[in-house]
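Structure, as structure tokens:
The values are calculated or read from the model by the stated rules, or taken from the named source; none is laboratory data. All figures in this text were calculated on a predicted structure; none of them were measured in a lab. Backbone-built Cβ (ideal geometry, glycine too); neighbour counts: all protein chains shown. Heads up: the accessible areas ignore ligands, DNA and RNA and are worked out on the full protein's heavy atoms, side chains in. Shrake-Rupley method; radii C 1.70, N 1.55, O 1.52, S 1.80 Å.
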Amino acid sequence: MPYYLKRFLIKQFLNNCNTIIGQNRGSLQSGQEGGFGILELSRVSKSFKLKAGIYQAVDDVSIEVKAGAIYGIIGASGAGKSTLLRMINLLEVPDSGTVTVDGHILTEMSDKRLRKERQKIGMIFQQFNLVYNVTVSRNVAIPLELAGLPKRERINRVQECLDFVGLTDKAEQYPAQLSGGQRQRVAIARALANNPKLLLCDEPTSSLDPVTTADILNVLRHINESFGVTVVIVTHEMDVVKTLCSHISVMESGKIIDSFSREDGGFQPAAVSSGSYRDQILGKAGEAHV
Amino acid sequence: MFESAIQYQAQMWQAIGETFVMVGMSVGAALLLGLPLGTLLFFYRKGQLYENRFLSLVLNSIVNIVRSFPFLLLVVALIPVTRFIVGTAIGTMAATVPLCIVAIAYYSRLVEQSLLEVPKGTIEAALSMGASKLGLVFKFLYVEARSGLVLGLTTSTISFISFSTVMGVVGGGGVGDFAIRYGYQRFETEVMAYAIVVMIVLVQLVQFTGGTLSRLLDKR
């Protein structure tokens, strides 16, 4: 048997194992307490120097996200939620505190190790950030090339990912020819290419219309359920967190001021605190479980 | 004009050949060294990925100094360097040395400009995928900036053609030198006009090719 075929079969097998484990993780999520912490931010802070002075974007925040969760961070613009998300894969290096993903402390890594770890963390953006001069399939292939996957496997994997987001027929088109929702699907396929454990979403639906938003949220939920990928999503849209998330944190001026977890179909506040979003999240939580 | 065209056919072909050598070498230098230099100018710039005030200052100063020389004086000033590299300061090959140096400085600025037009989000996406520096440059930056890079090279090439016309002072030859020696200095206006027509055709060809290529490459 040629070596690439062997490699491919072994990889398929491992993938299937991952999927099965993922499914178990997914079911753990509804049985709450289970699941291990795949992501841990410990006392991270970040400030920026502005002309007006020092701006504290994130102020001593700690969060723990369990494997298989869909963790939502909601807050007004300028609350620091995007900065917090970008610290998870160190696009923004925290001034202090540690970031641990799947047992690896990213904040203590060399650049080279960090690049390897980043390949296992998918990320999607509000503005999609695709490479507009290459085709859809090449966009999905780029992360695989970066990870050094041989060409034959790359072609297969690109196909799988595009199938998954339902864009098989657009493979040879350019992003400019697609609608916003389709572009975000390409971005999702690209983020999934390297079988990430964690998917970071920075306002993924904020530039999309309501119908397309629902569509993209379905894709994200589907990824979480079928591959067991843990999702962290930052948004200012209440509907997004209410329909999608298993955990919600509310952010305000660089701090997490409130948090909830979904239990028995409704959201339960974590501690005795209150915030401006509390009524909105608890109010209709019962019907939020779609 | 036809008569002079036939009369000086051999000299003209030689002159065109010399222009091609000089411009070809400077385009090569622009791509080989100007492109990386421009990329460094971009990366070290304030607010960019590898912001570095010291290196940025050094590279910018070098580029600015080269670009502020009147070209003829640069050719003269570089004679010792040329002699060191080529072995002689006279002739077409010798003329390529100052041309290449200007080409590198000139194109690097245009490269910097094109790269600045790549959205920051694209760079972030690349980093989030774990792209190495080379991966970022070749799979993202140059791909997204490619039509600008081609247009920049087109503009540069036309400037190099123009710069190459004064290379007669060091015996570089070329179409411009032919026009001056045969047309201007021997009072053969027709020959001069003939040479100018050749230059116009050359420039049009370069601009057309570059413009078309850049348009074809742009899928955004």
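Remark: the protein assembly as shown carries a charge dipole of roughly 1020 debye about the Cα centre, counting +1 on each Lys and Arg Cβ and -1 on each Asp and Glu Cβ.
Give me the 1.4 Å probe accessible area per residue for the range B:85-147, excluding ligands and nucleic acids, in Å². Don't skip to the end; give the middle numbers.
Details: 2160 Å² over 63 residues.
Value for the range B:85-147: 34 Å² per residue.
Remark: mean inter-chain Cβ contacts per residue of B:113-123 equal 2, using a 10 Å Cβ-Cβ cutoff to other protein chain atoms.
Ordering B:Gln11, B:Leu31, B:Val58 by Cα displacement along the dipole of the range B:1-217 toward the positive end leaves B:Val58 in first place; charges were set at the Cβ atoms of Lys, Arg (+1) and Asp, Glu (-1).
Interface residues of the range B:135-160, defined as those with an accessible-area decrease of at least 10 Å² between the chain by itself and the complete set of protein chains (probe 1.4 Å), are B:Lys139, B:Phe140, B:Val143, B:Glu144, B:Arg146. Close amide H partners of A:Ala69, meaning residues 5 or more places away or on another chain with modelled amide H under 5 Å apart, are A:Val231.
Taken along the Cα-to-beta-carbon direction at a fixed 7 Å, the label points for B:Thr209 and A:Thr168 span 4.4 nm. Phi angles of the range B:12-18 translate, via the Karplus equation with coefficients 6.51, -1.76, 1.60 and θ = phi - 60°, into HN-Hα couplings of 5, 4, 5, 4, 4, x, 5 Hz per residue; Gly and Pro are given as x. Computed from phi, the 3J(HN,Hα) profile of the range B:101-106 under the Karplus parametrisation 6.51, -1.76, 1.60 (θ = phi - 60°) reads 5, 5, 4, 4, 5, 5 Hz, with x in place of Gly and Pro. Near A:Leu130, no amide H atom lies under 5 Å from its own; only residues 5 or more places off or on other chains count, and H is placed 1.01 Å from N.
Averaged over the residues of A:118-126, the number of partner chain Cβ atoms lying within 10 Å of the residue Cβ comes to 3. Largest GNM mean-square fluctuation among B:Val86, B:Val27, B:Val203, using chain B with Cα springs under 10 Å: B:Val86.
Converting phi to 3J(HN,Hα) with the Karplus coefficients 6.51, -1.76 and 1.60 and the offset θ = phi - 60°, the range B:198-212 yields 4, 4, 4, 4, 4, 4, 4, 4, 4, 5, 5, 4, x, x, 5 Hz in sequence order, with x at every glycine or proline. Note on the protein assembly as shown: antiparallel DSSP beta bridges, both residues inside, total approximately 60 percent of the bridges counted. Summing charges over neighbours of B:Tyr106, with a neighbour being any other residue whose Cβ is under 14 Å away from its Cβ, gives +1 when K and R count +1 and D and E count -1.
Structure note, pairs A:Lys51/B:Lys133; A:Lys242/B:Lys120; A:Lys81/B:Lys120; A:Lys116/A:Lys255; A:Lys49/A:Lys116: Cα-Cα distances above 22 angstrom occur for A:Lys51/B:Lys133; A:Lys242/B:Lys120; A:Lys116/A:Lys255; A:Lys49/A:Lys116. Over the range B:1-217, the ratio between the Cα radius of gyration and 2.2 N^0.38 Å evaluates to 1.17. Once the dipole of the range B:1-217 is set up with Lys and Arg at +1 and Asp and Glu at -1 on Cβ about the Cα centre, which of B:Val143, B:Val191, B:Ala95 lies farthest towards its positive end? The Cα lying farthest towards the positive end belongs to B:Val143.
Placing +1 on each Lys and Arg Cβ and -1 on each Asp and Glu Cβ, with no other charges, gives the range B:1-217 a dipole about its Cα centre of roughly 660 debye.
Amide hydrogen proximity for A:Ala76: with H placed 1.01 Å from N in the peptide plane, no residue at 5 or more positions away or on another chain lies under 5 Å.
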